[in-house]
1. Within the range 58-65, can one find any residue that is of a type in the set (S, T, Y) and in contact with a Cys (Cβ under 6 Å, 6 or more places away or on another chain)?
2. Give all pairs with beta carbons closer than 8 Å in which a residue from the range 55-66 that is over 19 Å from L23 (Cβ atoms) and at pLDDT below 95 meets a residue that is aliphatic (A, V, I, L, M) and surrounded by 11 or more Cβ atoms within 10 Å (Cβ to Cβ); count only pairs at least 6 apart in sequence or on separate chains.
3. State which residue is surrounded by the most Cβ atoms within 10 Å (Cβ to Cβ) when the search covers only the range 37-68 and only residues that are of a type in the set (V, I, T) and touching a Pro at 6+ places or on another chain (Cβ under 9 Å).
4. Considering the range 7-24 alone, what residues qualify as being in contact with a strand residue (DSSP E or B) (Cβ under 9 Å, 6 or more places away or on another chain) and charged (D, E, K, R)?
5. Tally up the residues in the range 1-13 that are small (G, A, S) and either open to solvent by 70 Å² or more (accessible area, probe 1.4 Å) or at pLDDT 95 or above (or both), please.
6. Sort out which residues of the range 1-22 are among the hydrophobic types (A, V, I, L, M, F, W, C) and not in a helix (DSSP H, G or I), and write them in order of number.
7. Would you pick out the residues in the range 26-36 that are in contact with a Phe, Trp or Tyr (Cβ under 8 Å, 6 or more places away or on another chain) and either open to solvent by 40 Å² or more (accessible area, probe 1.4 Å) or outside any helix (DSSP H, G or I) (or both)?
8. Limited to the range 14-25, what total is found for residues that are open to solvent by less than 40 Å² (accessible area, probe 1.4 Å) and over 14 Å from V63 (Cβ atoms)?
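The values are calculated or read from the model by the stated rules, or taken from the named source; none is laboratory data. Source: prediction; values computed, not measured. Counting neighbours? That spans all protein chains shown, and the Cβs are built from the backbone with ideal geometry, glycine included. Side chains included, ligands, DNA and RNA excluded: accessible areas come from the protein's heavy atoms. Shrake-Rupley method; radii C 1.70, N 1.55, O 1.52, S 1.80 Å.
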Amino acid sequence: MNNKANNRVRELRLKKNMTQEELAQALDLSRQAIITIEQEGCDPSICHALKIANFFDLPVEKVFSLPK
């Protein structure tokens with residue numbers, strides 16, 4: 001069973017024509033953190049998930065979801 005959340009971070013970042021570095025700077029995160037989140041290698045903290053969702057002007061559940 002996969003315990004990692006699914007996310008749309010890469011999709012949303014590309015819609016804004018942003019690089020991983022640009023998104024990382026906008027969120028005050030490292031590029032490596034963005035890479036890991038996009039590859040679903042780890043789940044972000046709730047604070048980071050909220051920060052990401054706010055950046056894209058979406059509710060957190062529109063960016064992150066649990067696998068079925």
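1. If we filter the range 58-65 for residues that are of a type in the set (S, T, Y), which is where we start, we get 65.
Now narrow it down to the ones that are in contact with a Cys (Cβ under 6 Å, 6 or more places away or on another chain): none.
No, because not a single residue in the range 58-65 is of a type in the set (S, T, Y) and in contact with a Cys (Cβ under 6 Å, 6 or more places away or on another chain).
2. Short answer, once both residue conditions are applied: S65/A5; L66/A5.
3. At the first step, the residues of the range 37-68 found to be of a type in the set (V, I, T) are 37, 46, 52, 60, 63.
This time we only want the ones that are touching a Pro at 6+ places or on another chain (Cβ under 9 Å), so: 37, 52.
Working: I37: 23, I52: 25.
Here the residue is I52.
4. At the first step, the residues of the range 7-24 found to be in contact with a strand residue (DSSP E or B) (Cβ under 9 Å, 6 or more places away or on another chain) are 7-9.
Residue satisfying the conditions is R8 alone.
5. Kept after step one, since they are small (G, A, S), are these residues of the range 1-13: 5.
Next cut, either open to solvent by 70 Å² or more (accessible area, probe 1.4 Å) or at pLDDT 95 or above (or both) only: none.
Total meeting the criteria: 0.
6. Within the range 1-22, the first condition is being among the hydrophobic types (A, V, I, L, M, F, W, C), and the residues that meet it are 1, 5, 9, 12, 14, 18.
Once the filter is applied, which keeps residues that are among the hydrophobic types (A, V, I, L, M, F, W, C) and not in a helix (DSSP H, G or I), the range 1-22 yields M1, A5, M18.
7. Let us first name the residues in the range 26-36 that are in contact with a Phe, Trp or Tyr (Cβ under 8 Å, 6 or more places away or on another chain), namely 26-27.
A26 - this is the single residue of the range 26-36 that is in contact with a Phe, Trp or Tyr (Cβ under 8 Å, 6 or more places away or on another chain) and either open to solvent by 40 Å² or more (accessible area, probe 1.4 Å) or outside any helix (DSSP H, G or I) (or both).
8. Pass one, the range 14-25, residues open to solvent by less than 40 Å² (accessible area, probe 1.4 Å): 18, 20, 23-24.
Retained after the next criterion (residues that are over 14 Å from V63 (Cβ atoms)): 18, 20, 24.
Total meeting the criteria: 3.
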